[in-house]
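Written below as C-alpha cells is the structure these notes are about.
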Amino acid sequence: MRIHDISLPISARLPVWPGDPPVVVSFHQHLERGDGCTLSHLSLSTHAGTHVDAPAHFLAGGTTVDTLALAALIGPALVVDVGPVSAITAAVLWDLAIPLQVERLLFRTRNSAKWAAGEERFGEDFVAITEDGAQWLVERKVRLVGVDYLSVAPFAAPEPTHRVLLAAGVLVVEGLNLHDVVPGDYELVCLPLRLEGTDGAPARAVLIERDCP
Ligand SMILES: [Zn+2]
C-alpha cells in the first residue's frame with residue numbers, strides 16, 4: 001500500500017485568496033525559550049490550503065462542515081488529468097470519457113505545477129470548473145469533486161459553480177496538490193477539521209494506492 005499526501009503544507013508561505021486572512025503560525029511557547037513545552041498558535045481562514053467547502057459557504061442555512069456526511073469523503077476516487085485546458089467545461093468533461101458511476105473525481109490541471117514549483121503568490125489565472133461543468137457533474141451524480149487550486153470556480157465567477165455543486169449536495173475539496181499523482185484509481189481519505197458551525201475547514205487529504213495482486 002502506498003499513501004500519496006495530496007495536502008498543501010500549512011505555513012505563512014501559503015497563497016491565500018485575495019482579501020482572506022493570512023496564515024499565521026507562531027510559537028506561543030517554546031522549549032528554546034525556557035518554556036515547559038513547545039506550543040504553536042494558529043490563525044487562518046476556514047478556506048486556507050487544502051480544505052473542504054460546506055454548503056453553508058454559499059447557501060444560507062446550508063449544512064456546516066461539522067455535520068457533513070463522512071462517507072462521501074472516504075472511498076474510491078478517480079484522478080483525471082485534464083491536459084492544458086484553461087477551464088473545466090461540460091465539453092471538456094465529455095471529452096475526458098469519464099466512466100459512469102464514478103463517485104469521487106479529482107482533477108489534475110496545470111495548477112498543480114504551481115504547488116510543485118513552490119509558488120507563494122496567489123494567481124487569478126487558475127484552471128477551475130465552469131457553471132456548465134458543475135451541472136455536468138451533478139447530472140452524473142458525482143458525490144465529491146476535488147480541484148488543485150484554492151477555488152473550484154473561476155476567479156471571475158465564484159458563485160455559480162459553488163452554488164450548483166453545493167446545492168446538489170456535492171462535496172467540494174479545494175487546494176489539492178496532484179502534481180506527483182499518476183491519473184487513475186485510488187482510495188481517497190479526506191477529513192476536514194470538525195469546526196462547529198463553520199462554512200468549511202482545512203483537511204488532510206491522502207490517496208491510497210493498493211498493489212494489484
Ligand atoms: Zn473553499
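Please go through the range 92-115 and give me each residue that is part of a helix (DSSP H, G or I) and either touching a residue at least 24 places away in the same chain (Cβ under 8 Å) or among the polar types (S, T, N, Q) (or both), ordered by number.
Initially, the range 92-115 is screened for residues part of a helix (DSSP H, G or I), giving 92-95, 111-115.
92, 93, 94, 111, 112, 113, 114, 115, listed by residue number.
Taking only the range 1-51 into account, find how many residues are in a loop (DSSP other than H, G, I, E, B) and of a type in the set (Lys, Arg). Working first, answer last.
Pass one, the range 1-51, residues in a loop (DSSP other than H, G, I, E, B): 1, 6-23, 30, 34-38, 44-50.
Those left that are additionally of a type in the set (Lys, Arg): 13.
Adding up the residues that qualify gives 1.
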Pick from the range 25-64, criterion touching a His at 6+ places or on another chain (Cβ under 7 Å) and among the hydrophobic types (A, V, I, L, M, F, W, C), ranking: farthest from the ligand (Cβ to nearest atom): 39
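From 164, 127, 142, 138, which residue is buried (at least 19 other Cβ atoms within 10 Å of the Cβ), away from the ligand (no atom under 13 Å from the Cβ) and in a helix (DSSP H, G or I)?
Numbers: 127 fails: in a helix (DSSP H, G or I); 142 fails: in a helix (DSSP H, G or I); 138 fails: buried (at least 19 other Cβ atoms within 10 Å of the Cβ).
164 is the lone residue from the list that is buried (at least 19 other Cβ atoms within 10 Å of the Cβ), away from the ligand (no atom under 13 Å from the Cβ) and in a helix (DSSP H, G or I).
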In the range 167-192, the residues that are over 20 Å from residue 17 (Cα atoms) and assigned to a loop (DSSP other than H, G, I, E, B): 168, 169, 170, 179, 180, 181, 182, 183
Test result for residue 94, more than 16 Å from the ligand (Cβ to nearest atom) and surrounded by 15 or more Cβ atoms within 10 Å (Cβ to Cβ): no
Members of the range 145-161 that are more than 14 Å from the ligand (Cβ to nearest atom) and either crowded, with 23+ Cβ neighbours inside 10 Å or assigned to a helix (DSSP H, G or I) (or both): 160
Subset of the range 167-189 (residues that are in contact with a Gly (Cβ under 9 Å, 6 or more places away or on another chain) and more than 13 Å from the ligand (Cβ to nearest atom)): 167, 178, 187, 188, 189
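All of the numbers you see were taken from the coordinates with simple rules; none came from a lab. This is a predicted model, so every value here is computed, not measured. Don't worry about glycine lacking a Cβ; one is built from the backbone with ideal geometry, like all the others, and counts go over all protein chains shown.
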